[in-house]
1. Using +1 on the beta carbon of Lys and Arg, -1 on that of Asp and Glu, and nothing else charged, what's the dipole of segment 109-260 about the Cα centre, debye to 20?
2. Which aspartates and glutamates have a Cα lying under 19 Å from the Cα of Lys91, excluding residues fewer than 8 positions away in the same chain?
3. For segment 255-294, what does the alpha-carbon gyration tensor say about shape, rounded, prolate or oblate, given a ≥ b ≥ c as the root eigenvalues, a/c under 1.5 as rounded, and a/b over b/c as prolate?
4. Using the Cα gyration tensor of segment 88-163, with a ≥ b ≥ c the square roots of its eigenvalues, what is the shape: rounded (a/c below 1.5), prolate (a/b larger than b/c) or oblate (neither)?
5. Only helices at least 15 Å long along their own axis, judged from Cα atoms, and with Kyte-Doolittle mean hydropathy of 1.0 or greater: name those in the chain from DSSP H.
6. Along the Cα-to-C-beta direction of Phe85, a point sits 7 Å from the Cα; which residues of segment 157-172 have their amide N less than 19 Å from that point?
7. What FRET efficiency do you get for Asn49 and Thr274 if R0 is 51 Å and r is their Cβ-Cβ distance, rounded to the nearest 0.05?
8. Could you tell me the center-to-center distance, by alpha carbons, between segment 45-71 and segment 249-294 in angstrom?
Amino acid sequence: MAHSHSHGHGHGHSHGLPASGYLNKAFLWGIGLNLCYVAAEAGAGWWYNSLALLTDAGHNFTDVISLLLAYLALKLAQRKPTHRFTYGFGKSTTLVSLLNAMLLLVAVGAIGWEAVGRLGSAPALNGTAISLVALVGIFINAGTALLFFRDKDHDINVKGAYLHMAADALVSLGVVLGGVIMYYTNWFWVDAVLSLAIMVVIVWSTWGLLVESLRLTLDAAPQNLDVRAIRQHLLEIPGVTEVHDLHVWAMSSTENSLTAHLVVEDAYQDTQLTQIQEELGHQFGLQHVTLQVERGAPNPACVQDGVYH
């Protein structure tokens, strides 16, 4: 059986981020503000011997590193493809989101270890000073989170930065409440308990990011794309009799790709490919679509186990 193969390449381009200039400034502001706050919080934590402040300062420092890595990945993703890196550098944003999630979990382990050690022997602490320092953190972390709020649903790299900052604002709020409690009750063990609560918040805010980043790093289909629905859409196109070797993956945190083989009737016109590619872009958010057409029966060499249905 002879096979006629034709290739259609449809590209709805959205390279980088639609608001890359805004995000560049957002990351730089976030990095600068949080770096200043980390220095102040760490100094206050050392001076007042507060584990909650030192813990939060350490966590905030990992956030500064995370913001810096996310910013560098954003800049790298904006570079054009090369002869060696033909897909460009967009995947760096996914790798950085995975690295950020792993850094946070390492920080969680250190927090838990130190907090458990202090539960039985809590030192006297200055509740007023702790509350005032953490109060500043609420405004800085919440303000930084708002910088990323607009784009958090469009880029997992930006979502990671937003979750870091939003979680930190809640953590700072908890530290403020803990300082008030210690001031009025002298229950200094509250400092260690708050550190454990911080640990729980970090794990809760990070786990989903870790799982999704790992999935995308392994080239799994993005969570917001239903591959079965895409296959069904292709099968409903007049003239298409079979779909196989359908692959969907994320080229970056903002760009999705699809390749597929379409088995079509002999009368099928290749000019329909452009329309199919545009439909896939509009309905499913696929920016890069490559289709191979086969007339008659599918080529056995192209059919892979678990892919051809």
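1. It comes to approximately 480 debye.
2. By straight Cα distance, Lys91 reaches Asp151, Asp153, Asp155, Glu212, Asp219, Glu255.
3. On the way: a/c = 3.09, a/b = 1.86, b/c = 1.66.
Taking the square roots of the gyration eigenvalues as a ≥ b ≥ c, segment 255-294 is prolate.
4. On the way: a/c = 4.81, a/b = 1.65, b/c = 2.91.
Oblate, because a/c is 1.5 or more while a/b does not exceed b/c.
5. Values: long enough: 20-48 (41 Å, 0.50); 51-77 (38 Å, 1.23); 91-119 (43 Å, 1.26); 127-149 (32 Å, 1.99); 156-185 (43 Å, 1.17); 190-217 (40 Å, 1.61); 272-284 (18 Å, -0.80).
For the chain, where a helix must reach 15 Å along its axis and average at least 1.0, the hits are 51-77, 91-119, 127-149, 156-185, 190-217.
6. Output list for this probe position: 157-158.
7. Details: r = 68 Å, r/R0 = 1.34.
The value I calculate is 0.15.
8. If we compute the Cα centre of each part, the gap is 46 Å.
Rule-based calculations on the coordinates, nothing more; no lab input. No experiment lies behind these values; they were computed from the predicted model shown. Cβ atoms come from the backbone with ideal geometry, glycine included; neighbour counts cover every protein chain shown.
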